Amino acid sequence: MLPETTVAELEQIAARYPEKRSGLLPMLHLVQSVEGRVTPEGIETCAEILEISPAEVSGVATFYTMYKRKPVGDYHVGVCTNTLCAVMGGDEIFARLKDHLDVGNDETTEEAPGKKSITLEHLECNAACDYAPVMMVNWEFMDNQTPDSAVTVVDDLRAGKEVTSTRGPRICTWREAERVLAGFPDGRVDEGPAAGEASLLGLRIAEDRGWTAPSADASGETGTEPTTAEGAAEEADTARAETETKQQEAADE
Amino acid sequence: MSDVNTLTPVLTKDWGTDRSWTLPVYESRGGYASLKKALTMAQDDIIAAVKDSGLRGRGGAGFPTGMKWSFIPQDNPKPKYLVVNADESEPGTCKDTPLMMASPHVLVEGVIISSFAIRANTAFIYIRGEILHVIRRVQAAVAEAYAAGHLGKNIHGSGYDLDVVVHAGAGAYICGEETALLEGLEGRRGQPRLRPPFPAVAGLYASPTVINNVESIASVPSIIEHGAEWFSSMGTEKSKGYGIFSLSGHVTRPGQYEAPLGITLRELIDLSGGMREGHRLKFWTPGGSSTPLLTDEHLDLPLDFEGMAGAGTMLGTRAIQLFDETTCVVRAVLRWTEFYKHESCGKCTPCREGTWWLVQTLAAIERGEGSEADLDLLLDQCENILGRSFCALGDGATSPISSSIQYFRDEYVAHLTHGGCPLDPAASTVWGSSLTRSGA
């Protein structure tokens with residue numbers, strides 16, 4: 001059984017939404033924060049609260065990659081190996097960490113006295129390509145990594161030293177991170193900068209050269225957009241939108 | 001081009017400001033003035049302003065935002081919903097993430113104005129779960145907005161009520177597809193819905209729903225503040241306004257560059273200090289991995305919807321990934337293809353089975369196995385996926401393959417004659433270049 005306080009918080013999440021089933025994704029994040037993974041008990045409890053079957057909850061829990069059925073370590077370390085990061089060095093970083101930690105993909109280091117555990121996984125694009133190669137620790141950015149810097153990060157984590165995101169806060173544990181994803185803030189929002197250097201490059205150049213957006217009295221031609229849905233769909237980027245809009249119009253008639 | 005404002009920071013203008021993510025700093029820089037102005041406007045006038053501005057969706061497809069709003073049937077008695085697609089996952093795309101980290105309030109302000117315009121009393125911001133600090137910043141911005149009376153009941157005495165829920169996803173590229181996102185938001189597996197009905201008529205909870213990208217919604221306050229004419233003074237004839245261009249890969253200074261639509265890649269590469277020293281551009285994506293590849297022949301095309309369509313590709317999310325001559329295009333495309341296979345939701349056969357076959361065929365070629373006829377087999381597989389799958393994921397999976405065969409057929413053949421990849425992957429890494437990159 002999950003602790004009563006957890007059950008109350010799960011109910012609280014469900015109550016944020018006009019229809020309570022909408023709470024399922026954050027509820028499963030909360031289950032992970034308490035149980036270290038999605039457990040059968042967690043699935044049962046969510047199902048009871050949402051008045052759906054455990055099979056329906058299971059179906060959701062197995063669809064999304066952030067939900068884990070095996071216990072996750074104290075820290076989750078992800079290395080982006082989608083094309084851009086892989087090419088820039090992510091493949092080497094991932095290979096080095098597998099070797100250094102002696103684990104395969106989606107595996108956790110063995111328990112060792114005085115050592116924190118790490119679950120290693122390769123990731124798809126994590127929306128930080130201008131900082132490639134990218135590594136994530138508990139879904140915090142560790143930008144511009146090298147094999148050596150990545151080894152230092154995991155060694156520090158294993159030794160229990162404080163590690164700080166290159167563009168964010170001090171790293172919490174994976175379970176604490178999951179709790180934030182469930183919608184319970186942890187007070188670390190004001191840590192870290194507004195933006196990393198790469199994010200600011202265009203802004204800095206504009207400032208140096210005196211480039212700005214036009215003044216408020218700038219005037220361009222308006223009303224250039226198509227007047228029909230079909231016309232808009234034809235100009236939009238997907239042939240699919242066009243086909244579907246035509247289908248809708250046919251259905252409307 | 002000395003007098004021209006090549007870059008036009010609007011969304012990015014506060015990113016360098018200390019504590020830019022907080023309400024006091026945002027308001028000290030003029031934030032929430034557009035909301036107050038909007039609340040005095042007729043709702044249909046807000047929709048008209050966004051329509052007139054020419055703002056087209058910034059999430060990839062480029063559908064006119066104001067027109068999308070006008071599809072909401074106001075005579076439908078069900079509640080209306082606004083859903084912000086902050087599931088930024090298209091490979092190469094990294095603009096909404098820094099925007100929400102540095103300036104979450106411009107998104108929240110846009111959400112309030114947009115919800116007011118479409119008469120929604122509940123809005124959702126669906127953020128991918130893998131960007132924890134971004135979620136913290138948006139959660140805090142929403143809480144601050146409630147405390148300041150920008151959200152909640154009777155906002156600033158207008159009689160208008162709005163609640164905003166920040167919703168964390170759980171790892172699924174497909175949830176960037178708007179109907180799959182709605183499934184996720186309803187607590188289900190993220191599998192796309194058949195259309196029609198469209199979300200504007202039957203979206204979240206089968207109610208009228210507008211789904212817009214973060215950058216689209218964040219552009220709304222500036223349109224309300226300065227007017228549709230101001231917005232449309234930037235950009236090109238049919239691609240109005242500004243947008244964030246994200247440069248990544250083998251350029252000297254990868255980063256975010258906010259410019260009017262229609263800027264060229266040559267200008268952007270110049271601003272970023274050129275390709276890394278001693279190397280030249282080989283291929284690039286204009287808007288993520290689902291947009292067909294281009295080469296160094298395409299440096300002077302306008303980066304707008306029409307310019308990219310004219311070159312057989314798409315503007316997409318302006319996620320410009322640049323690769324130099326050290327990069328093996330077959331390796332790059334195989335990795336993207338493995339991604340599409342992994343992320344295929346499994347609902348429809350062409351995508352589920354097709355992406356699996358694409359990986360098998362490509363991986364064999366990459367190992368140097370097979371014959372040149374396998375390239376035609378690949379293209380045939382692409383033909384059987386493109387336009388036959390349930391959503392655009394399947395279409396996207398074919399883009400890198402067919403475009404790379406078009407421009408780099410010889411390199412595919414070289415794998416077959418060489419018995420594997422003729423290039424050294426170490427040379428394309430950040431540390432593999434003989435010269436250190438200055439921005440790293």
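Enter the accessible area of B:T252 (Å², nearest 10), with the probe set to 1.4 Å and all protein chains included.
Rounded to the nearest 10, the figure is 20 Å².
Rounded to the nearest 5, what is the percent of antiparallel bridges among the DSSP beta bridges in chain B?
Expressed as a percentage, antiparallel bridges in chain B total about 45.
Through the Karplus equation 6.51 cos²θ - 1.76 cosθ + 1.60, θ set to phi - 60°, convert the phi angles of segment B:227-242 into ³J(HN,Hα) values in whole Hz; use x for Gly and Pro.
For segment B:227-242, the Karplus curve yields x, 5, 5, 4, 4, 7, 6, 9, x, 10, 3, 10, 10, 8, x, 9 Hz.
Taking every DSSP beta bridge with both residues inside chain A, roughly what % is antiparallel (nearest 5)?
Just about 60 percent of them are antiparallel.
Just to check I understand the Karplus step: with θ = phi - 60° and J = 6.51 cos²θ - 1.76 cosθ + 1.60, what whole-Hz values come out for segment A:121-135, glycine and proline as x?
3J(HN,Hα) across segment A:121-135, in whole Hz: 8, 8, 10, 8, 3, 10, 6, 9, 4, 6, 10, 5, x, 10, 10.
Shape call for segment A:75-181 from the C-alpha gyration tensor, a ≥ b ≥ c root eigenvalues: rounded (a/c under 1.5), prolate (a/b greater than b/c) or oblate?
oblate
Are there GluC sites (Glu not before Pro) in segment B:307-388 that DSSP marks as loop and that have at most 14 other Cβ atoms within 10 Å, and which are they?
Sparse-neighbourhood loop GluC sites (Glu not before Pro): B:E369, B:E372.
Any aspartates and glutamates with Cα under 16 Å of the B:K153 Cα? List them, leaving off those in the same chain fewer than 8 positions away.
B:E109, B:E144, B:D161, B:D163
For segment A:4-63, what is the Kirkwood hydrodynamic radius in Å, using each pair of distinct C-alpha atoms?
11.1
Using the reciprocal of the averaged 1/r over all distinct C-alpha pairs, how large is the Kirkwood radius of chain A in Å?
Kirkwood hydrodynamic radius for chain A: 21.6 Å.
Going down the list B:K13/B:K95; A:K70/B:K347; A:K20/A:K68; A:K70/A:K116; A:K20/B:K80, which pairs span over 19 Å between their C-alpha atoms?
A:K70/B:K347; A:K20/A:K68
Would you give the gap between the C-alpha center of segment B:282-336 and the C-alpha center of segment B:60-121, rounded to a whole Å?
A separation of 27 Å, based on Cα centres.
Dipole of the protein assembly as shown (Lys/Arg Cβ +1, Asp/Glu Cβ -1, origin at the Cα centre): which of A:A15, B:L194, A:P54 lies farthest to the positive side?
A:A15
I need the helices of chain A that pass two filters: whole DSSP H segments spanning 27 Å or more by Cα along the axis, and mean Kyte-Doolittle score no lower than 1.0.
Long hydrophobic helices here: none detected.
Measure nothing fancy, just the Cα-based angle from helix B:392-418's long axis to the longest principal axis of chain B, in degrees from 0 to 90, nearest 10.
20
Would you mind checking the tilt of helix B:329-343 against the longest principal axis of the Cα atoms of chain B, expressed as 0 to 90 degrees and rounded to 10?
Computed tilt is about 50 degrees.
Rg and Dmax of the protein assembly as shown, using alpha carbons, in Å: what are they?
23.8, 74
Using 0.36 nm per residue of separation minus the Cα-Cα distance, give me the extension gain between B:F71 and B:A309 in nm, one decimal.
83.1 nm
Distance in nm between label sites at A:K161 and A:D99, each 7 Å beyond Cα in the beta-carbon direction?
It works out to 2.2 nm between the two label points.
Quick one: grab the alpha carbon gyration tensor of chain B, order the square roots of its eigenvalues as a ≥ b ≥ c, and give me rounded if a/c is under 1.5, else prolate or oblate depending on whether a/b is larger than b/c.
prolate
Using a 10 Å cut-off on Cβ to Cβ distances, tally the other chain neighbours for every residue of B:230-237 and report the average as a whole number.
5
Using a Gaussian network model of chain B with C-alpha springs under 10 Å, which one of B:T417, B:T327, B:T97 is most mobile by mean-square fluctuation?
With Cα springs under 10 Å in chain B, the top fluctuation among B:T417, B:T327, B:T97 is at B:T417.
Under a straight-distance cross-link criterion of Cα-Cα below 19 Å, which lysines are reachable from B:K51, leaving out those fewer than 8 residues away in the same chain?
B:K37, B:K68, B:K238, B:K240
Can you send over the carbon and sulfur percentage of the accessible area for segment B:204-350, probe radius 1.4 Å, protein chains only?
Whole-percent figure for carbon plus sulfur exposure: 46.
Going by amide H atoms built from the backbone, whose H comes under 5 Å of the H on B:V165, apart from near neighbours?
B:A123, B:F124, B:I125
The values are calculated or read from the model by the stated rules, or taken from the named source; none is laboratory data. Remember, predicted model here, so these are calculated numbers, not experimental data. Methodologically, a virtual Cβ is constructed for each residue, glycine included, from the backbone with ideal geometry; neighbour enumeration extends over all protein chains shown. Areas reflect the complete protein model, heavy atoms only, side chains present, ligands, DNA and RNA absent. Shrake-Rupley method; radii C 1.70, N 1.55, O 1.52, S 1.80 Å.
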